[in-house]
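K.L.:
Next up is a structure, given as structure tokens.
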Amino acid sequence: MNPIMIKFLKILTATGFVAILVLFTIASIRTLSLDVNAGLQLARWETPSAISLDLDHRKREDLLTRFKEAIVIPTVSFSPTESNTTALLQFNSFLQRAFPTIFTSSLVRHEVVANYSHLFRVAGSQPDLAPYLLLAHTDVVPAAESDGWEAPPFSAREIDGFIYGRGTIDDKSSLMGILQALEYLLSKGYVPRRGFYIGLGHDEEVGGYRGAANIVRLLKERDVRLAFVLDEGLAVLDGVISGLDGPAALIGVSEKGQATVKLSVATLPGHSSMPSKESSVGILAAAVKRLEDNPMPLLFGRGPERETFEHLAHKFGLPLKFILSNLWLFSPLVGRLLEQKPDSNAFVRTTTAVTIFNAGVKFNVIPSLAEAYVNLRIHTAQTLQEVLDLIQSTIGDQRVKMELVEGFDPLPVSASDDKSFGFQIIKKTVLDMFPTVAVAPGICVGNTDSRHFKDLTRDIYRFAPLWFKPGDAKRFHGINERISRKNYEELVVFYFRLIQNCDIGKLPEPHNSLHEL
């Protein structure tokens, strides 16, 4: 090797070492200093006139009794065209009986929407302050005792401090918590500075096209603009995120889009004794296999999931703290780790799930038609059309026909910075109640009624202070859905404080934060 080449390699090696040293130094500084939970946490907040909530034994028993009554009513949505309307009407009457102060207060305007949904307007003393909306839904998914419930799904039976029943998580705990909080506030003479709305849809579990959609129509007709919307969605995760020191409250700032695609293959029928080289079933099965073998692109770092880990980085031990504090450097590595498990894989890409496969009418007849349905949950960095194009190119077979049954794009990502009124109010309320909990933005992999409200506000958040421990997420739409007595009381207190926290005119100036390093 000639001397010039030797000298060049020496310079290259030295330069590479220096570059690595610089990168390591920057990463180390970020790791030591990054704490994105600072910001407004240490700032001087405006203090609205606070009303305290003292829950004595009698009040606790009363609110739990009302909650159990709500669970017992089987307000089931079976399909977009079929629901238990008798139970929904019963629930309407129950609400008026359970919350008499709300329904008689001069501050509250109530109207029934589309026969079974509800819209409440609570007047504020300062009309110049933009109103917000608290959202929940009255309907639940079907449940059968034969599925293996420890208590009948509409019994509201209490076992070891937990109330069992369909709706205890999704979503009558939030619904009853919101109304119970307002009932207590009004009974204490509370008059909000900032007016607000409460929306209760009746068909969220089947799309919300009659309930929430009609509530939105009414608000649009009245030219209402909302400061923010708060709906169900994410929760407080305790012991769920591996390596995290303590619980984390994740506030959903977006939710994935969705698509249902029908794939079909048509061929000539025939007798099974004289099969062709390829059948409709075989062609379609091969197409489905290609979809499963070639997942949608890994998109970690291009959606809210990046902020989730940046906000939580300081709660991990080394080396994860070092890695998550420096996603500008380690995003590819973290993405590869997250895609290894189904629950975390859902956060880093558009997921593809084959849910229905139909073919054949008789064991000795080669079917002329084979059909499969694929459900996709679309990452915020992709559009519905991009996903459809990828499916088509991945299948790569013109004999497989693709039809979009239904679908919509991911929801816009709402703000979560120090100037975001809704996010910071929710965060403050969480920290008021649980000072040691880490708070971070997140993404919902499911869909909520809140998506219908995107034309009324730029900021939609999805969170309720439900505590989820390992395994609890499976209860959501599953068997043995339940909530502890203590956690339901916490929901009431949360909304009681949130409503009052919203009465400030504006957010304080943020305390110096090192988030921008």
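K.L.:
On full extension of the chain, what length is gained from residue 405 through residue 220, given 0.36 nm per residue of separation minus the C-alpha to C-alpha distance?
P.N.:
Values: separation 185, 0.36 × 185 = 66.60 nm, distance 2.81 nm.
Using 0.36 nm per residue and subtracting the Cα-Cα distance, I get 63.8 nm.
K.L.:
What FRET efficiency comes out for residue 329 versus residue 417 if R0 is 25 angstrom and r is the Cβ-Cβ distance? Round to the nearest 0.05. Walk me through the numbers before you get to the answer.
P.N.:
Working: r = 22 Å, r/R0 = 0.90.
The pair residue 329/residue 417 has a calculated efficiency of 0.65.
K.L.:
Now, a different point. Give me the number: length gained by fully extending residue 187 to residue 52, i.e. 0.36 nm times residue separation minus the C-alpha to C-alpha distance, one decimal in nm.
P.N.:
Here the answer is 47.4 nm.
K.L.:
Name the shape class, rounded, prolate or oblate, that the alpha-carbon gyration tensor gives for the range 173-220, where a ≥ b ≥ c are the square roots of its eigenvalues, rounded holds for a/c under 1.5, and otherwise prolate holds if a/b is larger than b/c and oblate otherwise. Write out the running numbers ahead of the final one.
P.N.:
On the way: a/c = 4.57, a/b = 1.76, b/c = 2.60.
Here the range 173-220 falls in the oblate category.
K.L.:
Now, a different point. Output the DSSP H helices from the chain with an along-axis C-alpha extent of no less than 27 Å and a mean Kyte-Doolittle hydropathy no less than 1.6.
P.N.:
3-33
K.L.:
So what is the relative contact order for the chain, in percent, with contacts set as C-alpha pairs under 8 Å and at least six apart?
P.N.:
25 percent
K.L.:
Something else: Counting only DSSP beta bridges with both residues in the chain, tell me the antiparallel percent, nearest 5.
P.N.:
Close to 70 percent.
K.L.:
Could you tell me whether the range 397-509 comes out rounded, prolate or oblate from its Cα gyration tensor? Rule is a ≥ b ≥ c as square roots of the eigenvalues, rounded for a/c under 1.5, then prolate if a/b exceeds b/c, otherwise oblate.
P.N.:
oblate
K.L.:
Can you list the HN-Hα couplings for the range 123-133, worked out from phi with the Karplus curve (6.51, -1.76, 1.60; θ = phi - 60°), rounded to whole Hz and with x for Gly and Pro?
P.N.:
Result, rounded to whole Hz: 6, x, 6, 10, x, 6, 7, 4, x, 10, 9.
K.L.:
Here is a further query. For labels at residue 432 and residue 86 in the simple 7 Å Cα→Cβ model, what's the distance in nm?
P.N.:
4.3 nm
K.L.:
For the residues 343, 62, what sequence is obtained by ranking on other C-beta atoms within 10 Å, fewest first?
P.N.:
343, 62
K.L.:
Lys and Arg at +1, Asp and Glu at -1: add these up for the other residues within a Cβ distance under 15 Å of residue 456 and post the number.
P.N.:
My count for the surroundings of residue 456 gives +2.
K.L.:
Also, quick follow-up: How much mean residue ellipticity at 222 nm does the chain get from its helices, if each DSSP H run of length 4 or more adds -39500 (n - 2.57) and you divide by all residues, to the nearest 500 deg cm²/dmol?
P.N.:
Dividing the helical sum by the residues of the chain leaves -11000 deg cm²/dmol.
K.L.:
Within the set 59/486; 315/427; 172/428; 220/454, which residue pairs have Cα atoms separated by over 19 Å?
P.N.:
The pairs that break the limit, which is 19 Å between Cα atoms, are 172/428.
K.L.:
Further question: Taking the Cβ-Cβ separation of residue 383 and residue 278 as r and a Förster radius of 30 Å, what is the calculated FRET efficiency to the nearest 0.05?
P.N.:
0.35
K.L.:
If R0 is 22 Å, what FRET efficiency do you get for residue 337 and residue 473 from their C-beta distance, rounded to 0.05?
P.N.:
That gives a FRET efficiency of 0.65.
K.L.:
Place a label point 7 angstrom from the Cα of residue 354 along the Cα-to-Cβ direction, then list the residues of the range 370-414 whose backbone nitrogen is under 17 Å away.
P.N.:
370-377, 391-403
K.L.:
How much space per residue, in cubic angstrom, does the convex hull of the C-alpha atoms of the chain take up?
P.N.:
Looking at the chain, the number lands at 202 Å³ per residue.
K.L.:
Multiply the residue gap between residue 484 and residue 144 by 0.36 nm, knock off their C-alpha separation, and tell me the result in nm, one decimal place. Write out the running numbers ahead of the final one.
P.N.:
Values: separation 340, 0.36 × 340 = 122.40 nm, distance 2.13 nm.
Gain on extension, residue 484 to residue 144, equals 120.3 nm.
Readers should treat all values here as calculations from the given coordinates under stated rules, not as data from a laboratory. The model shown is predicted, which means the values in this text are computed figures rather than measured ones. Don't worry about glycine lacking a Cβ; one is built from the backbone with ideal geometry, like all the others, and counts go over all protein chains shown.
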